[in-house]
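Novice: Have a look at this one before I ask anything.
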Ligand SMILES: CC(=O)Nc1ccn([C@H]2C[C@H](O)[C@@H](CO)O2)c(=O)n1
């Protein structure tokens, strides 16, 4: 069995929404489907690796791109059109995705 991942990165432009609690899920491809509910991960920016919080993983659920809904968009603090555009940009042509739900555990301030 693989070890549970302990780190996650986000694009810097999503940091404020995560820290404010407006964004409570992230949708990832199969390379990031191994997060374990109940585990805590250290979160940093994708661009420069700056740590900014810890998240508690709540669940990891498979989702097809075509099944993304307003419910997912609301949890991403986006419109559905925005969410689909973001995912197509990050994961072009990928149909099988995973919804990772999380709760903010701790902010990291320098
Ligand atoms: C390396 C990498 O893929 N990093 C990602 C992937 C996704 N996100 C955000 C963008 C959207 O809010 C959701 C849906 O993919 O997750 C991200 O910040 N960083």
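Novice: Inside segment 64-110, can you point out the residues that are away from the ligand (no atom under 12 Å from the Cβ), within 18 Å of residue 10 (Cβ to Cβ) and either in a loop (DSSP other than H, G, I, E, B) or modelled with pLDDT under 95 (or both)?
Specialist: Answer for segment 64-110, where residues must be away from the ligand (no atom under 12 Å from the Cβ), within 18 Å of residue 10 (Cβ to Cβ) and either in a loop (DSSP other than H, G, I, E, B) or modelled with pLDDT under 95 (or both): 108, 109, 110.
Novice: May I pose another question? Name the pairs whose Cβ atoms lie under 8 Å apart, with the first residue in segment 68-83 and on the phi > 0 side of the Ramachandran plot, the second assigned to a helix (DSSP H, G or I) and within 10 Å of the ligand (Cβ to nearest atom), and 6 or more positions between them or separate chains?
Specialist: 77/17
Novice: Could you check segment 1-39 and list, in sequence order, the residues that are exposed (fewer than 15 other Cβ atoms within 10 Å of the Cβ), without any contact (Cβ under 8 Å) to a residue 60 or more places away in the chain and assigned to a helix (DSSP H, G or I)?
Specialist: Correct list: 12, 13, 16, 20, 31.
Novice: Can you tell me how many residues within segment 23-37 are within 13 Å of residue 103 (Cα to Cα) and within 11 Å of the ligand (Cβ to nearest atom)?
Specialist: Result for segment 23-37: 4.
Novice: Does any residue of segment 40-50 turn out to be surrounded by 13 or more Cβ atoms within 10 Å (Cβ to Cβ), within 13 Å of the ligand (Cβ to nearest atom) and farther than 15 Å from residue 10 by Cα?
Specialist: no
The values are calculated or read from the model by the stated rules, or taken from the named source; none is laboratory data. None of the values given here were measured: they were computed from a predicted structure. No Cβ is skipped: glycine too gets one built from the backbone with ideal geometry, and neighbour counts run over all protein chains shown.
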